Amino acid sequence: MKDARWLALPLLPPLAWTFLKIGLVFFGGGYVVIPVMHHELVQNLHWLSERQFIDGTAISQLTPGPIAVLATFAGYKMLGVVGALIATAAMFLPGSLLMIFLSRGYEALTRRNAAKKALNSLTPVIAGLLIASAWQIGRTAIANWYGVAAFVIALIALLRFKVSPALLVIAAALVGMLFHPG
């Protein structure tokens, strides 16, 4: 019975704490947090299966703020609308508080040599996290010839022809509906 999710209200604090922790490392763009979310939600807590994680990531690409929507999806899967609201709020709370704090002294911070060095050293780490995200999603998503073909076509379209990622997502959804109606 789907309406009995309120019986799982004791899960609200762990749900909030999990997404608050994820939100603490949610810097550098949404894709950077995918390995963290995958580790917590799939491997550690088993709140989502590999397939649900991939589906949630795919669904989140259709909305603004893509990866953050994965928190909403996971919260909803756990505790319905209340879980979605708690997970989303917890995910954004650390970054929002940090931005409020940093915005006040941004100009002074960027003039400091130590801050410049710290920010410059984050770039390779973020690149590594992006590659890890691609690897984790690719392991599950590219499981047959169709997945390999979609990957190659999307990669060429992005790199060679500079096709908008939004158009690729829409095209993939349409192809999936037409050729995989089951």
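The values are calculated or read from the model by the stated rules, or taken from the named source; none is laboratory data. Keep in mind it's a predicted model, so treat the numbers as computed, not measured. Heads up, the Cβs are rebuilt from the backbone with ideal geometry, glycines too, and the neighbour counts pull from every protein chain shown.
Computed values, structure above
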{"read-out": "Wholly within region 106-182, helices (runs of 4 or more DSSP H) carrying at least 2 residues that are in contact (Cβ under 8 Å) with a residue 60 or more places away in the chain and surrounded by 11 or more Cβ atoms within 10 Å (Cβ to Cβ)", "value": "113-141, 165-179"}
{"read-out": "Boolean, ALA87 is within 16 Å of the chain's Cα centre (by Cα), modelled with pLDDT under 85, within 21 Å of GLY23 (Cβ to Cβ) and in a helix (DSSP H, G or I)", "value": "no"}
{"read-out": "Unique residue being more than 16 Å from the chain's Cα centre (by Cα), in a helix (DSSP H, G or I), closer than 21 Å to VAL25 by Cβ and aromatic (Phe, Trp, Tyr) when the list is PHE92, PHE73, PHE101", "value": "PHE101"}
{"read-out": "Residue list for region 69-78, filter: touching a residue at least 24 places away in the same chain (Cβ under 8 Å) and surrounded by fewer than 21 Cβ atoms within 10 Å (Cβ to Cβ)", "value": "LYS77"}
{"read-out": "Test: residue in region 127-149 that is aromatic (Phe, Trp, Tyr), within 16 Å of the chain's Cα centre (by Cα) and within 18 Å of ILE22 (Cβ to Cβ)", "value": "no"}
{"read-out": "Pick from region 42-52, criterion touching a residue at least 24 places away in the same chain (Cβ under 8 Å) and of a type outside the set (D, E, K, R), ranking: nearest to ALA134 (Cα to Cα)", "value": "GLN52"}
